[in-house]
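This report refers to the structure that appears directly beneath it.
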Amino acid sequence: MSWRDAFALARRSVYRRLGRAVLTILAVTLAAALLTSLLVLAGAARTRVLNQLSKGGPLAGIQVAAAAPNLGQLDRDSPQPGPPKPLDDVALRRIRALRGVASVIAVEQAPIVVIPPTRIPRALQAVASRKPGTIQTTMIGTELQDASKLPISIISGRLPAPNAQTEVAVTETFLQRYGIGKRDAATVVGMQLEIGSPRKYAFGNVRVRGRWTKQTIVGVVAQQAANGEVLTGASSVEAARSWTAGGEQIGDSIGPDSSPYAGLFVIAAGLDQIGPVRSRITQVGYSTSAPENLINSVQRYLHVIEIVLSGIGVIALVIAGLGITNAMLASVRERRREIGVLKAIGARDRDVRHVFLLEAGLLGLAGGLLGTVGGWGIARTLGSVVNRYLSHQGLVGVQVGMPAVVALGGIVGATVLALLAGTVPAQRAAGLPARQAMGDE
Amino acid sequence: MTRRSLCLLVAGAVLLAACGGGREALGPPVAAVGPRSVYVAIGSDEELGEGSANALQSSWPQVFFRRTLPGNTVFVNAAAHDATVEAALDVQLPIARQQRPTIVSVVLGAQEELAGDPRPQFTDQLTKLLRSLRAIDKTRVLVGSAVALPSLAPDVRTARKAAYDAAIAKAAAATGAEVVPLGDITATGDQQVGTNGRPDPAFPIDDHESEAVAAAFSKAFGKRSTPTSAR
């Protein structure tokens with residue numbers, strides 16, 4: 001008997017007992033859907049957390065402060081920094097050259113004065129409980145094309161374009177000036193601010209001259225890159241700093257920090273490099289902080305979660321496999337006469353085995369296909385629910401995409417499992433002597 | 001194409017579509033990056049908002065910048081308290097040169113007007129200032145006319161204003177600067193507290209008058225477009 005004939009017989013058998021076949025396929029579908037959705041969600045969690053930790057995301061970064069290390073707190077994740085120490089280009093180059101450092105992002109800051117618009121948008125008017133006057137604060141600047149590596153999360157809108165000169169993002173502290181929370185963050189997006197950099201000069205008391213620009217708020221962010229309410233590109237902050245630095249050295253109320261950089265964000269070459277790189281930066285003479293202990297805990301918990309999720313999926317598949325075995329055994333019992341006839345007309349044991357294995361394989365393939373698509377749908381739905389929650393919390397959402405390996409694995413895995421589950425019934429059918437099969441009928 | 005292969009094709013397409021995914025960050029459209037215009041205000045107390053309840057927010061150059069100038073303009077307020085033309089040449093002109101402005105406003109002369117009739121060096125120094133500003137990058141220079149000072153006796157006030165107007169007009173004509181008439185915006189003489197803690201006799205203007213000065217400069221600005229610098 002050729003494979004083609006065996007396949008035709010298997011297909012016919014499936015159609016003949018359609019109700020049973022549908023129920024068997026449904027069991028495989030549900031199991032495959034469960035396993036696929038769990039794997040997709042576990043993958044999303046890995047992307048959101050583990051990959052960020054291990055491949056240079058914000059949590060894998062080491063924050064370097066413009067301060068000397070505090071020798072009594074070196075073993076802490078977030079030690080109190082020692083006395084202020086300028087962080088300049090020489091220090092930047094030295095840290096960049098350290099072993100285990102993948103990249104270094106500089107964070108700059110400049111003192112600014114913000115004049116909010118006199119007329120505020122209607123949506124903001126509806127939720128704001130107060131209206132700020134002139135605001136004295138700090139503007140933070142960095143190379144925004146590297147923003148994904150920094151501890152910055154978008155709450156609403158987007159980040160300023162890397163080379164834009166008239167765009168800023170503001171922080172939650174700015175929202176508090178209007179008495180609003182993260183939930184209403186979108187109401188400030190699109191608002192235009194006048195941002196001035198002060199330059200001191202002496203006239204009786206200390207006076208300031210301003211260099212002003214109009215900036216549109218394009219987003220609201222949660223950030224731990226440095227202290228400040230306004231985030232923008234490095235070039236805007238450099239221009240502001242350079243204006244302020246041109247002033248007279250009078251008093252210390254307003255003026256640029258003596259350090260050219262407010263801080264550095266060092267990305268270690270790997271998760272295992274965070275500790276050694278921190279030690280090397282300490283030797284260079286700067287205070288560092290990094291969530292080393294947190295990373296280790298998160299890694300452990302994520303691994304446990306993955307094992308549990310995979311276990312649940314595998315149990316479901318095994319149950320579905322037992323369902324296939326059960327259905328196939330019933331099928332063998334019902335088709336004794338057919339098996340006897342096949343053998344009587346010359347079918348060999350292995351031909352009968354092929355028919356039953358192909359039938360099991362067909363059920364597994366159909367269930368695997370439907371289950372994989374269904375599992376992806378479930379994961380997408382759950383992902384959108386999770387994203388809604390995360391965005392309410394002011395956090396970046398997860399990206400739920402199905403890796404090709406999971407899709408292929410779902411289909412192939414279900415088919416292989418079905419073939420394995422069909423082995424015993426196929427073996428039993430193949431082992432039936434022709435006379436016994438006919439006689440029993 | 002058979003039904004079976006069609007089904008397989010659809011299932012494959014669905015799976016391929018499923019392998020993509022992710023969400024795009026939303027937000028306002030990205031602003032176009034273009035050449036910036038730079039505005040420098042040269043002047044004295046009124047440019048710094050002296051006389052206003054909220055000096056930073058309501059000084060007339062700030063209002064002019066807010067309402068009239070393009071969104072990508074950088075505005076530098078170079079004004080200094082009690083500035084004369086001579087002091088502006090020393091202190092404010094270097095600041096303006098550094099900024100390479102595309103437009104400059106000059107409102108000076110109140111301190112000199114308070115002291116007496118215009119002396120020849122007032123016109124010379126103002127001409128020098130305006131010429132230097134014009135020479136930076138063919139910069140457009142708007143120079144405010146004189147204002148009738150309320151602290152002067154009524155009979156002196158008008159004559160002195162006319163004399164300063166003539167001097168300013170002469171300097172502007174010699175340099176290609178444009179005169180912005182401020183004659184109608186006579187300061188009310190609300191005896192604002194000056195920088196020395198005493199009532200300022202020079203040019204104390206309140207928010208309402210700031211608006212009027214800004215409107216006069218906006219009107220003059222609108223008469224022709226200003227080039228932008230390549231920064």
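The values are calculated or read from the model by the stated rules, or taken from the named source; none is laboratory data. Worth saying up front: this structure is predicted, and the values here are computed from it rather than measured. Cβ coordinates were reconstructed from backbone atoms using ideal geometry, including for glycine residues, and neighbour counts include every protein chain displayed.
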>> Just to verify a result, which residue in region A:174-231, among those that are away from chain B (no Cβ under 13 Å) and in a strand (DSSP E or B), is surrounded by the fewest Cβ atoms within 10 Å (Cβ to Cβ)?
In response: A:ALA222
> Looking at region B:209-224, is at least one residue under 17 Å from the mean Cα position of the chain (by Cα), among the aromatic types (Phe, Trp, Tyr) and either modelled with pLDDT under 95 or on the phi < 0 side of the Ramachandran plot (or both)?
Replying inline: yes
>> Against the condition in contact with a helix residue (DSSP H, G or I) (Cβ under 8 Å, 6 or more places away or on another chain), over 21 Å from B:GLU211 (Cβ atoms) and either modelled with pLDDT under 55 or exposed (fewer than 14 other Cβ atoms within 10 Å of the Cβ) (or both), how does B:GLY176 come out, does it pass?
In response: yes
>> I'd like the full set of residues that are at pLDDT 75 or above and either under 16 Å from A:ALA106 (Cα atoms) or part of a helix (DSSP H, G or I) (or both), limited to region A:248-270.
In response: A:SER259, A:PRO260, A:TYR261, A:ALA262, A:GLY263, A:LEU264, A:PHE265, A:VAL266, A:ILE267, A:ALA268
> So which residues in region A:139-157 are assigned to a helix (DSSP H, G or I) and either buried (at least 24 other Cβ atoms within 10 Å of the Cβ) or among the aliphatic types (A, V, I, L, M) (or both)?
Replying inline: A:LEU144, A:ALA147
> Under the condition of being small (Gly, Ala, Ser) and away from chain B (no Cβ under 14 Å), which residue from region A:342-374 is surrounded by the most Cβ atoms within 10 Å (Cβ to Cβ)?
Replying inline: A:GLY364
>> Just the residues that are over 30 Å from A:ALA31 (Cα atoms), under 20 Å from the mean Cα position of the chain (by Cα) and among the charged types (D, E, K, R), please, taken from region A:273-310.
In response: A:GLU292
> Could you list, in sequence order, the residues of region A:275-298 that are at pLDDT 85 or above and either assigned to a helix (DSSP H, G or I) or more than 18 Å from A:GLN80 (Cβ to Cβ) (or both)?
Replying inline: A:GLY275, A:PRO276, A:VAL277, A:ARG278, A:SER279, A:ARG280, A:ILE281, A:THR282, A:GLN283, A:VAL284
> Tell me, which residue of region A:232-247 that is over 34 Å from the mean Cα position of the chain (by Cα) and outside any helix (DSSP H, G or I) is surrounded by the fewest Cβ atoms within 10 Å (Cβ to Cβ)?
Replying inline: A:GLY246
>> Looking at A:GLY72, A:GLY82 in this structure, which one is small (Gly, Ala, Ser), over 22 Å from B:LEU56 (Cα atoms), surrounded by 14 or more Cβ atoms within 10 Å (Cβ to Cβ) and more than 14 Å from chain B (Cβ to nearest Cβ)?
In response: A:GLY82
> Do you know which residues across region A:101-138 are more than 14 Å from every other protein chain (Cβ to nearest Cβ), buried (at least 19 other Cβ atoms within 10 Å of the Cβ) and part of a loop (DSSP other than H, G, I, E, B)?
Replying inline: A:ALA128
> Looking at A:LYS85, A:LYS55, which is the one that is under 22 Å from A:VAL237 (Cβ atoms) and at pLDDT below 90?
Replying inline: A:LYS85
>> Just to be sure I understand, how many residues within region A:122-164 are out of contact with any strand residue (DSSP E or B) (no Cβ under 7 Å at 6 or more places or on another chain) and not charged (D, E, K, R)?
In response: 12
>> Can you tell me how many residues within region B:40-57 are within 9 Å of chain A (Cβ to nearest Cβ) and either over 19 Å from A:THR244 (Cβ atoms) or surrounded by fewer than 24 Cβ atoms within 10 Å (Cβ to Cβ) (or both)?
In response: 3
> Which one of these does A:VAL406 not meet: (1) more than 11 Å from chain B (Cβ to nearest Cβ); (2) touching a residue at least 12 places away in the same chain (Cβ under 8 Å)?
Replying inline: (1)
> In region B:168-185, how many residues are in a helix (DSSP H, G or I) and over 22 Å from B:TRP60 (Cβ atoms)?
Replying inline: 4
> Can you pull out the residues in region A:408-421 that are more than 13 Å from A:LEU362 (Cβ to Cβ) and surrounded by 23 or more Cβ atoms within 10 Å (Cβ to Cβ)?
Replying inline: A:GLY410, A:LEU417
>> at pLDDT 90 or above and surrounded by fewer than 24 Cβ atoms within 10 Å (Cβ to Cβ): is that true of B:VAL104 in this structure?
In response: no
> Does region A:375-387 contain any residue that is loosely packed, with under 15 Cβ neighbours inside 10 Å, of a type in the set (A, V, I, L, M, F, W, C), in a helix (DSSP H, G or I) and at pLDDT below 85?
Replying inline: no
